[in-house]
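Following: one structure in structure tokens, then a few remarks.
The values are calculated or read from the model by the stated rules, or taken from the named source; none is laboratory data. Since the structure is predicted, the reported quantities are computational estimates derived from the model, not experimental observations. Here the Cβ positions follow ideal geometry from the backbone for every residue, glycine too, while neighbour counts run over all protein chains shown.
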Amino acid sequence: MKLTFPHMGYSYVAFKMLIEDLGYEVVVPPEPSKRTMDLGVRYSPEFSCIPFKVLLGTFLETIEMGAEVGISSGGVGPCRAGYYSIMQQKIINELGHDFKILSFEPPQSNYLDFIKKLWMIKPKRMSWRTFIQLIKKGYKKLEITDEIEFLMYRYMPYEINKGDTAKAFKTALDMLDEAQTVDDIEDARWEGIKVLAKVPQDRSQTPLKIGIIGEIYVVLEHAVNFCIQKNLGEMGVYTDRSIWLTSYAEKNVFVEGREGERDVFQMAHPYLNEMIGGHGINSIGEIVIYAKDGYDGVIQLAPFSCIPEIMAKGIVPRVSREEGIPVMTVFIDEQTAAAGLVTRLEAFIDLLKRRREQNADKRQLA
């Protein structure tokens with residue numbers, strides 16, 4: 001059986017190893033491209049959001065590569081993400097493809113369904129103990145992938161030679177990709193950290209600090225958000241994003257949903273106290289957190305037509321005003337252009353620089 005999965009950032013490094021460890025043939029999805037988007041737009045409902053279109057296009061591309069089963073995730077609450085796999089399965093079947101989407105919902109929503117689907121992908125002759133150990137190993141690799149990427153964005157604004165950090169990250173990611181045993185994965189982690197640490201840096205800089213929030217897919221998939229963190233980093237901006245795949249899993253899969261993110265919900269409480277689906281309430285709470293942590297600004301990334309993020313956007317001006325932090329919202333769809341986004345980023349950075357200078361002048365006068 002040939003298995004595939006959605007492309008989401010650099011997570012393919014871990015998912016590829018896990019599927020191979022389970023004894024299946026893996027079809028690694030290509031990074032989303034113009035063709036991916038074209039396929040998704042052609043066969044998707046008109047008003048579906050960009051994650052739906054990109055995921056559908058990705059599945060159609062992997063079907064061409066021989067994939068038979070796609071492993072994906074669902075969603076709960078008032079968000080259309082919970083219907084993605086159902087709609088995509090119907091569209092794929094209508095196109096005449098013999099392809100099955102296996103969608104995992106958060107276990108707390110239906111433990112029996114979650115176990116049933118685990119049983120479906122567990123090789124028959126493999127013990128549950130071995131199966132769980134392989135999942136833990138795959139998750140460990142995913143954690144280290146996130147850690148190495150996190151360090152890349154920490155070092156970027158201080159690099160002396162533009163592009164050096166990105167090259168070092170590519171080297172570190174390749175080493176991690178090649179690692180197959182637990183010991184090799186841990187060794188690749190430390191080697192990757194060393195490679196990044198060797199990048200020449202100028203720590204005398206005091207870069208602007210921008211937090212990145214929004215819907216999980218457009219925040220994590222750099223091919224969809226036009227590598228916004230990398231571009232900001234190479235512009236000399238220190239960035240921090242609110243969502244990482246492993247932290248999201250820890251808060252929403254291993255810990256009961258609202259309990260896992262109670263700090264964010266508490267911060268959002270004065271402005272929004274209702275679960276509106278997706279990452280809408282998170283976006284409000286995270287703006288407050290970034291403001292309290294002294295960040296200069298926040299960028300909200302959202303798919304065009306995403307109802308939770310649209311609802312959050314309506315509250316953002318009040319949060320921005322009362323918390324004293326500028327927020328730029330970027331809605332992304334198939335019409336969004338990289339050049340236009342870069343222009344908006346440059347204007348936002350100029351605004352934040354002027355604001356920082358004005359605040360410094362006020363402190364001197366006081």
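Just a few scattered comments:
- Meets criteria (among the aliphatic types (A, V, I, L, M), buried (at least 16 other Cβ atoms within 10 Å of the Cβ) and either out of contact with any Phe, Trp or Tyr (no Cβ under 9 Å at 6 or more places or on another chain) or in contact (Cβ under 8 Å) with a residue 12 or more places away in the chain (or both)) for M37: yes
- Lone unmet requirement of (1) in contact with a Phe, Trp or Tyr (Cβ under 9 Å, 6 or more places away or on another chain); (2) crowded, with 16+ Cβ neighbours inside 10 Å for E322: (2)
- Across the stretch 7-30, not a single residue is classified as surrounded by fewer than 16 Cβ atoms within 10 Å (Cβ to Cβ) and more than 30 Å from R189 (Cα to Cα).
- Considering residues of the stretch 307-321 that are touching a residue at least 40 places away in the same chain (Cβ under 8 Å) and out of contact with any strand residue (DSSP E or B) (no Cβ under 8 Å at 6 or more places or on another chain) only, the residue farthest from Y238 (Cα to Cα): I307
- Condition met for D113 (in a loop (DSSP other than H, G, I, E, B) and over 28 Å from E178 (Cα atoms)): no
- Of the residues making up the stretch 169-183, those that are in contact with a helix residue (DSSP H, G or I) (Cβ under 8 Å, 6 or more places away or on another chain) and without any contact (Cβ under 8 Å) to a residue 24 or more places away in the chain are M175, E178.
- Residue that is over 15 Å from I71 (Cα atoms), at pLDDT below 90 and part of a helix (DSSP H, G or I), where the choices are Q108, Q133: Q108
- Qualifying residues in the stretch 119-155 (those that are touching a strand residue (DSSP E or B) at 6+ places or on another chain (Cβ under 8 Å) and either β-branched (V, I, T) or under 19 Å from S73 (Cα atoms) (or both)) - the one surrounded by the most Cβ atoms within 10 Å (Cβ to Cβ): I121
- Taken residue by residue, the stretch 98-115 has at least one member that is in contact with a helix residue (DSSP H, G or I) (Cβ under 6 Å, 6 or more places away or on another chain) and free of Cβ contacts under 8 Å to residues at least 24 places away in the same chain.
- Yes/no for E178 being under 30 Å from L56 (Cβ atoms) and acidic (D, E): no
- Matching option when the condition is buried (at least 19 other Cβ atoms within 10 Å of the Cβ), in a loop (DSSP other than H, G, I, E, B) and modelled with pLDDT of 85 or more, among V224, V219: V224
- Search result, residues across the stretch 321-349 that are of a type in the set (D, E, K, R) and in a helix (DSSP H, G or I): R321, E322, E323, R344, E346
- Test: residue in the stretch 118-140 that is outside the structural domain of D240 (by TED's automatic domain parsing) and at positive phi: no
- The residue that is nearest to I243 (Cα to Cα), counting only those in the stretch 116-130 that are of a type in the set (A, V, I, L, M, F, W, C) and in a helix (DSSP H, G or I), is L118.
- Whichever residue in the stretch 330-348 is crowded, with 19+ Cβ neighbours inside 10 Å and β-branched (V, I, T) and, among such residues, is nearest to R35 (Cα to Cα): I332
- Selection count where residues are within 17 Å of S204 (Cα to Cα) and surrounded by 21 or more Cβ atoms within 10 Å (Cβ to Cβ), scope the stretch 227-237: 2
So that you can scan it fast, the table gives a plain yes or no per residue for (1) modelled with pLDDT under 95; (2) within 24 Å of the chain's Cα centre (by Cα); (3) not assigned by TED's automatic domain parsing to the domain that holds D146:
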residue	(1), (2), (3)
E178	no, yes, no
D184	no, no, no
A188	no, yes, no
G192	no, yes, no
P200	no, no, no
I212	no, yes, yes
E215	yes, yes, yes
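- Selection count where residues are at pLDDT below 95 and surrounded by 24 or more Cβ atoms within 10 Å (Cβ to Cβ), scope the stretch 291-300: 1
- When the criteria are applied in full, M311 fails the requirement of being at pLDDT below 85, surrounded by fewer than 18 Cβ atoms within 10 Å (Cβ to Cβ) and among the hydrophobic types (A, V, I, L, M, F, W, C).
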